[in-house]
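A.B. asks: After the structure tokens below, expect a handful of questions from me.
Please treat every number below as a calculation from the coordinates, not as lab data. Since the structure is predicted, the reported quantities are computational estimates derived from the model, not experimental observations. Backbone-built Cβ (ideal geometry, glycine too); neighbour counts: all protein chains shown.
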Amino acid sequence: MSSGNRSEAVDVQKSYEVRTYGCQMNVHDSERLSGLLEDAGYVRAPEGSDGDADVVVFNTCAVRENADNKLYGNLGRLAPMKTKRPGMQIAVGGCLAQKDRDTIVQRAPWVDVVFGTHNIGKLPVLLERARVQEEAQIEIAESLEAFPSTLPTRRESAYAAWVSISVGCNNTCTFCIVPALRGKEKDRRTGDILAEIEALVAEGVSEITLLGQNVNAYGSDIGDREAFSKLLRACGKIEGLERVRFTSPHPRDFTDDVIAAMAETPNVMPQLHMPMQSGSDAVLKAMRRSYRQERFLGIIEKVRAAMPDAAISTDIIVGFPGETEEDFEQTMHAVREARFANAFTFQYSKRPGTPAADMDGQIPKEVVQERYMRLSALQEQISWDENKKQVGRTLDVMVAEGEGRKDGATRRLSGRAPDNRLVHFTQPEQAVRPGDVVTVEITYAAPHHLLAEGTPLVVRSTRAGDAWEKRTAAAAAKPAGVMLGLPGVGAPDPLPAAAAPACGIG
């Protein structure tokens, strides 16, 4: 990490906590925020500190109707802690900060810093300025100041990483406020993306997820409609990169060249998460989704023809304004036809600032709830039926960290199959680390996971497992008391290009 901004070390240890709400883009941004703070001399607060840190950062989401209530409730709980701890600072960033700006400090005057989605790199500077000037700092940029991947990072995983390929979105879905807060789509240079992936692989990462608000629209910024499929194929040439995923694509931009690239590039996984949102053509039109049911199901059919074992998941909104019972039955029909491995279903709630919030035909909550329960029951059965087809198959599972809540009690480990299904498996005799790969035979299926009860057939140690072990050992060896510098004034030095590494997604 860059250290150009560190001041003289002082005998004080300042801790930080980052609380993340919302989509994968926010998770990725939070890794950058953590990296920036550590680059400025802060150390991460222990797990479960619950606000007992010198700096608490809220990375917010504006998608849900009650997002602001949740934020102000959490800020309210921190107010007495801040009173008792002179020097404690609270910062609010993300989409809600971009949207509400001055309102946050008006409603919670104990907040020290408010920053937006376009200037996360300024956080350490704003914290220091607030400390010196003893007043809240509000700085919201209207356009992207620096691509997040040029900033320092503290990745949550040693073996898997997000790689952002674009920011912003050019769509105008009536239920989504993200384009107004994240701005128009801006693509990264392909060379910078590949350089980041190569640097991550050199550190031991073996799985990357390409990330964008509308990931397969990549290239629209530079006028190349096949840029995303070319990027997938280029990822296939990176030695040591075992798994490539991406999220989330939009059906409008999901072209045949992307399907071919997925099928023909061995390290691109047979997994697709593509939001459908509704199966009704009338509702899709009201949502300003530029496809209809026939087009969506046609894409699914092509993907399955090219990759018969692909697991396909989706997002669905139930009870969008104006949705009739007939419209809802069209969604049920599309779900039966598509046979999703998994679906993230949501009851429509007003997103302040979106066109849909002011539409006529708002559906009564009890009607939305009843439809939601019917859809959930249907999808639960389909997910179980699709998982049962995996019984008897032999799968390579990448061991994960923290995926199995009952692993300790059951003497099992957990990981992800190539198609991203969660697999719990019997712990082998030899040591297995997150990032290593085991080959197992599936013996049982539940709606949301698979089970391999026999002894793993093969255990393969990987460079990713080595990276996890090295990182874990370094964390355990870190001394408790360390001399740390306070953040200096000025933007952090960017990482060298080669080393730099859904909210409304979809």
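A.B. asks: Where both partners of a DSSP beta bridge lie in the chain, what percent of those bridges are antiparallel, to the nearest 5?
C.D. replies: The antiparallel fraction comes to roughly 35 percent.
A.B. asks: How big is the dipole moment of region 275-357 about its Cα centre under a simple scheme where the beta carbon of each Lys and Arg is +1, that of each Asp and Glu is -1, and everything else is neutral? Debye, nearest 20, please.
C.D. replies: About 360 debye.
A.B. asks: Okay, moving on. What base-10 log of the normalised intensity I(q)/I(0) is obtained for region 385-464 from the Debye formula, alpha carbons as equal point scatterers, at q = 0.25 Å⁻¹?
C.D. replies: Values returned for q = 0.25 Å⁻¹ are -1.25.
A.B. asks: May I pose another question? Which value, in debye to the nearest 20, describes the size of the charge dipole of the chain about its Cα centre when Lys and Arg Cβ atoms bear +1, Asp and Glu Cβ atoms bear -1, and nothing else is charged? Please list the in-between numbers first.
C.D. replies: Numbers: 60 positive and 69 negative charges, 79 e Å.
Here the size comes out at about 380 debye.
A.B. asks: To the nearest whole percent, what portion of all C-alpha pairs in region 184-248 is separated by more than 14 angstrom?
C.D. replies: So the pairs more than 14 Å apart make up 55 percent of the total in region 184-248.
A.B. asks: Over all Cα pairs of region 5-125, how is the pair count split among 5 Å bins, expressed in % and running from 0 up to the last occupied bin?
C.D. replies: 2, 11, 23, 25, 21, 12, 4, 1, 0, 0
A.B. asks: Using the Kirkwood radius built from alpha carbon pairs, what does the Stokes-Einstein equation give as D for the chain at 4 °C and 1.567 mPa s, in µm² per second?
C.D. replies: Numbers: Rh = 24.1 Å.
Estimated diffusion coefficient is 54 µm²/s.
A.B. asks: Something else now. What is the P(r) of region 26-96, as percent of Cα-Cα pairs per 10 Å bin from 0?
C.D. replies: The percentages, shortest bin first, are 18, 49, 31, 2.
A.B. asks: Ok, one more. With +1 on the Cβ of every Lys and Arg and -1 on the Cβ of every Asp and Glu, and nothing else charged, how large is the dipole of region 349-439 about its Cα centre, in debye rounded to the nearest 20?
C.D. replies: Details: 15 positive and 14 negative charges, 35 e Å.
Dipole magnitude for region 349-439 comes out near 160 debye.
A.B. asks: While we're here: Where does region 151-295 land on the Kirkwood hydrodynamic radius, alpha-carbon pairs, in angstrom?
C.D. replies: Across region 151-295, the inverse of the average 1/r is 16.1 Å.
A.B. asks: Just to be sure I follow: if Rg is taken over the C-alpha atoms of region 411-455 and Rh is the Kirkwood radius over the same atoms, what is Rg/Rh?
C.D. replies: Rg/Rh: 0.93.
A.B. asks: Is region 83-204 rounded, prolate or oblate when judged by the Cα gyration tensor, a ≥ b ≥ c being the square roots of its eigenvalues, rounded requiring a/c under 1.5 and prolate requiring a/b larger than b/c?
C.D. replies: It comes out oblate by the Cα gyration axes.
A.B. asks: What whole-number value in cubic angstrom gives the convex hull volume per residue for the C-alpha atoms of region 221-354?
C.D. replies: On the way: hull volume 17.0 nm³, N = 134.
About 127 Å³ per residue, rounded to a whole number.
A.B. asks: Can you quote the Å³ per residue value for the convex hull of the Cα atoms in region 306-351, rounded to an integer?
C.D. replies: Cα convex hull per residue, to the nearest whole number: 87 Å³.
A.B. asks: Now, a different point. Given Cα pairs under 8 Å that are at least 6 residues apart, what percent is the relative contact order of region 130-261?
C.D. replies: 24
A.B. asks: Relative to the compact-globule scaling 2.2 N^0.38 Å, provide the ratio for the alpha-carbon radius of gyration of region 296-374.
C.D. replies: Here the Cα radius of gyration is 1.27 times the empirical estimate.
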